[in-house]
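Inspection log for the structure reproduced underneath, given as structure tokens.
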Amino acid sequence: MPPIGENTYIVNDGKFAFIVDPGGLPEAVIKNASGFEVLYILLTHSHFDHIYALREVADAFPKASVCIHRLDRPALSSEGNLAYSFGEDFSYTGRVDIELSDGQTLDFNGRSIKVLHTPGHTEGGVCFYIGSDGLLFSGDTLFRSSVGRSDFPGGDADLLERSIREKLYTLPGGTRVWPGHDEPTDIAWERQRNMFVRA
């Protein structure tokens, strides 16, 4: 999402797809996902730069389940989404189909998407892990050589560090990390080189 640079992901297996964090450019997201049957719209957390296109994308794919952790759901339609910090008047009051919880799995045409509750950036922040493919969508929990901010309402630096150590650094080193901002990385790199949280 320009100018914030939020990453939206469309993941497909040739027939089915899921979308992670539709933060902007709804027309582009809809166009690129339209050739697939979208099963889920997955939200790593409720900050507005990750949900700014959610209304349009959810309307375009009415059969897709909109999913967010129960602790972050209230912030979708409140000041907790931080839109006011960027001079925006935005809230999402549309449907939420699945309230996520830690350890829950979502079926993606035979693959399991595992929900990892990783509070610290927000109370209900989550990452999505597909172990069969070695993929992790980390939202704003973990970045390449960095971590998410913990000074926003609902943030907690100690919780964020614990989430990364206990939930993410325990994954296989080859796990490819697709963060909410900036470039991808992998777990092995972060264990060794992340100056904020070392293994």
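The values are calculated or read from the model by the stated rules, or taken from the named source; none is laboratory data. A quick note: this is a predicted structure, and the numbers were derived from the prediction, not measured. Virtual Cβ from ideal backbone geometry, glycine too; neighbours counted across all protein chains shown.
Across region 172-198, the qualifying residues are those that are assigned to a loop (DSSP other than H, G, I, E, B) and surrounded by fewer than 14 Cβ atoms within 10 Å (Cβ to Cβ), and the one among them that is modelled with the lowest pLDDT is R198. Reported count of residues in region 159-199, each being within 23 Å of S46 (Cα to Cα) and without any contact (Cβ under 8 Å) to a residue 24 or more places away in the chain, is 1.
The residues listed here are S163, S150; of these, the one that is farther than 27 Å from V38 by Cα, of a type in the set (S, T, N, Q) and touching a helix residue (DSSP H, G or I) at 6+ places or on another chain (Cβ under 6 Å) is S150. Would you confirm, using the coordinates I've provided, whether D156 is acidic (D, E) and touching a Ser or Thr at 6+ places or on another chain (Cβ under 7 Å)? In short, yes. When E123 is tested against (1) touching a strand residue (DSSP E or B) at 6+ places or on another chain (Cβ under 7 Å); (2) of a type in the set (D, E); (3) surrounded by 21 or more Cβ atoms within 10 Å (Cβ to Cβ), just one condition goes unmet, and that condition is (1). The number of residues in region 168-189 being of a type outside the set (G, A, S) and over 24 Å from D49 (Cα atoms) comes to 7. Only one of the listed residues (A64, A53, A83, A58) is modelled with pLDDT under 95 and at negative phi. That residue is A83. Does region 20-55 hold any residues that are under 18 Å from N81 (Cβ atoms) and part of a strand (DSSP E or B), and which are they? Answer for region 20-55, where residues must be under 18 Å from N81 (Cβ atoms) and part of a strand (DSSP E or B): V20, I41, L42.
Just a yes or no: is a residue in region 155-171 part of a loop (DSSP other than H, G, I, E, B), acidic (D, E) and modelled with pLDDT of 95 or more? Yes, because at least one residue in region 155-171 is part of a loop (DSSP other than H, G, I, E, B), acidic (D, E) and modelled with pLDDT of 95 or more.
Suppose we filter region 99-111 for residues that are without any contact (Cβ under 8 Å) to a residue 40 or more places away in the chain and either touching a Pro at 6+ places or on another chain (Cβ under 8 Å) or assigned to a loop (DSSP other than H, G, I, E, B) (or both); how many remain?
Taking region 99-111 as the starting set, the residues that turn out to be without any contact (Cβ under 8 Å) to a residue 40 or more places away in the chain are 99-105, 107, 110.
Among the residues that remain, those that are also either touching a Pro at 6+ places or on another chain (Cβ under 8 Å) or assigned to a loop (DSSP other than H, G, I, E, B) (or both) are: 101-104, 110.
Number of matching residues: 5.
Only one entry of V126, V197, V177 meets the criterion of being on the phi < 0 side of the Ramachandran plot and in contact with a His (Cβ under 9 Å, 6 or more places away or on another chain), and that entry is V126.
Could you tell me how many of the residues in region 43-98 are of a type in the set (G, A, S), in contact with a Leu (Cβ under 8 Å, 6 or more places away or on another chain), in contact (Cβ under 8 Å) with a residue 40 or more places away in the chain and over 18 Å from V11 (Cβ atoms)? Here the count works out to 2. Quick check, is D151 outside any strand (DSSP E or B) and modelled with pLDDT under 95? Criteria met by D151.
Please count how many residues of region 79-94 are surrounded by 12 or more Cβ atoms within 10 Å (Cβ to Cβ) and not in a helix (DSSP H, G or I). So the answer is 6. Could you list all residues from region 62-75 that are farther than 13 Å from G154 by Cβ and either assigned to a loop (DSSP other than H, G, I, E, B) or hydrophobic (A, V, I, L, M, F, W, C) (or both)? P62, K63, A64, V66, C67, I68, R70 - these are the residues of region 62-75 that are farther than 13 Å from G154 by Cβ and either assigned to a loop (DSSP other than H, G, I, E, B) or hydrophobic (A, V, I, L, M, F, W, C) (or both).
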